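One structure is given below, encoded as structure tokens.
Laboratory data are not the source of any read-out in this text; all were calculated from the coordinates shown. Everything quoted here is computed from the prediction, not taken from an experiment. Cβ atoms come from the backbone with ideal geometry, glycine included; neighbour counts cover every protein chain shown.
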Amino acid sequence: MSLTVTILILMSIQFMTAMVMDVVMSNAPALALTYNIAEASTPLLNIGFLLSGILGPIFGFMADKKSIKYVLVLGTFLFTLGCFLTAYTNSVAAYIVTRGLIGVGYNIFFGLVAAYLAKLVNQRQLTKLSGYTKLAFAGGVFTAPVLGNYLISMGGFKLFYLWVTGISLLLALLLVKIPEAKGDLAQSLTLSDFKALLKEPYVIILMATNIFLSYPANVVFYYLSIYLSSIGFDHATIAIVYSLLGVASFLSGLIMIFLGKYFNLRQFVKLGTIGLIIALAPMITLWPLLLVPFGFVFGISIDLVYGAFFPMTARLELNRSASLITLASLSASISSVLATLLNPFLYERIGFGGLLALSLFASAIAYLGITSIYRLKPEQL
């Protein structure tokens, strides 16, 4: 199979997984009505999805030990199964469990596609291809609010998840045909090699940095719709706002594609983190004339960060790239779980503005972590 077709398949799956991930965030009011819970508590329904990231290192070790392609295929089938089961849930507990299965597939694919590409192409090509996969992710984020809102209004969440199931199953079958990444069939990774990663100072800093980087996204993408609803925005208008965030994500992908020859992956992560700080400072005022446009800047920045963060991580340890990426993904999952458990309480006490202030603090700490990684570990060329 050609590289072009392989990339198109990977981009299509990235699109579907991003859309399913985002539909909960952008349709929180509808989800609250479906399961008869308070809007501020809807992020708790995603706890199974977030907890699934804890399993990431297991699949990362499996990918480095056996084959990244094998685990990518497994993850896509698990994602498809999770969507099918979620379509038929009628209780909060069942929804949490089946969304957890979706999360397993999502976390496998989202993390390991960067490790796969890092072994398939050189660094210059990786930056450009990371931009293309970011465009696919952006497409999912852009589509989820509008398409999700339409399908949910037509047939509830069941129609949405069944629609995703059919397309994802076809893509999973196509994924079986992609080539093995270079070196995938000759790995000799041992459990001791995996454990040794956790003793590396740069790995500890990398994981800590990702904990702080993940927090702002959990605040803005989950609670923006809740806050806008509380001040009188209807569901259709909120969907448009989230679609604008999807446009921002598109722009981050284009930035990586067209400016990749001038900036490397680390520089994109650093610039994106600076952008988070610049965007969050005025958003704290909660003034709508600032909240929406700087929310757009936030969208560009956070997607620029994560468009480059995992490919950058893959370049740090090419022989153990899948393991390292899933460790970084684990830290993001820990951050998301803590945010999901604590933010409903904090939202009631300090409001959306207070959560944005915490996000600004977290972004500043993440910036310090990124500069430390620069000093401790060079990328493998």
Segment Met154-Leu33, length gained on full extension (0.36 nm per residue, minus Cα span): 42.1 nm
Candidates Met154, Met62, Met312, ranked by Gaussian network fluctuation over the chain, Cα under 10 Å, top entry: Met154
Per-residue ³J(HN,Hα) for region 65-78, Karplus 6.51 cos²θ - 1.76 cosθ + 1.60, θ = phi - 60°, Hz, x for Gly and Pro: 7, 10, 5, 5, 4, 4, 6, 4, 5, 4, x, 5, 5, 5
Extended-chain gain in nm, criterion 0.36 nm per residue less alpha-carbon gap, Asp234 and Thr4: 78.7 nm
With eigenvalues of the C-alpha gyration tensor scaled by 5 and rooted, region 283-381, Å: 30, 17, 12
Distance (nanometres) between label positions extended 7 Å along Cα→Cβ at Lys199 and Ile167: 4.7
Neighbourhood charge, 13 Å Cβ-Cβ cut-off, centred on Phe142 and excluding it, Lys, Arg +1 and Asp, Glu -1: -1
Given charges at Cβ of Lys, Arg, Asp, Glu: the chain dipole, positive-most of Ile231, Leu129, Val141: Leu129
Geometric extent, Cα atoms of the chain - Rg, Dmax (angstrom): 19.3, 58
Per-residue Cβ neighbour rank within 10 angstrom, fewest leading, Asp193, Asp234, Asp22, Asp303: Asp234, Asp193, Asp22, Asp303
Per-residue HN-Hα couplings for region 165-177 [Karplus 6.51, -1.76, 1.60; θ = phi - 60°; Hz; x = Gly/Pro]: 4, x, 5, 5, 4, 4, 5, 5, 5, 5, 4, 4, 8
Point-to-point label distance, Val292-Ile58, nm (Cα→Cβ direction, 7 Å offset): 4.5
Relative contact order (%) - the chain, alpha-carbon pairs under 8 angstrom, separation at least six: 28
Long-range lysine pairs (8 or more apart or interchain), the chain, Cα under 21 Å: 29
Charge context of Leu342, other residues only, Cβ under 13 angstrom, K/R +1, D/E -1: 0
Note, ³J(HN,Hα) from phi for region 356-373, Karplus 6.51, -1.76, 1.60, rounded to Hz, x at Gly and Pro: 5, 5, 5, 5, 5, 4, 4, 5, 5, 5, 4, 4, 5, x, 5, 5, 5, 4
Rg/Rh for region 30-144, where both radii come from Cα atoms and Rh is the Kirkwood radius: 1.04
Residue-averaged [θ]222 nm for the chain, counting only DSSP H segments that reach four residues, each worth -39500 (n - 2.57): -29000 deg cm²/dmol
Approximate shape of region 57-115 as ellipsoid semi-axes (Cα gyration tensor, √5λ), whole Å, largest first: 25, 10, 8
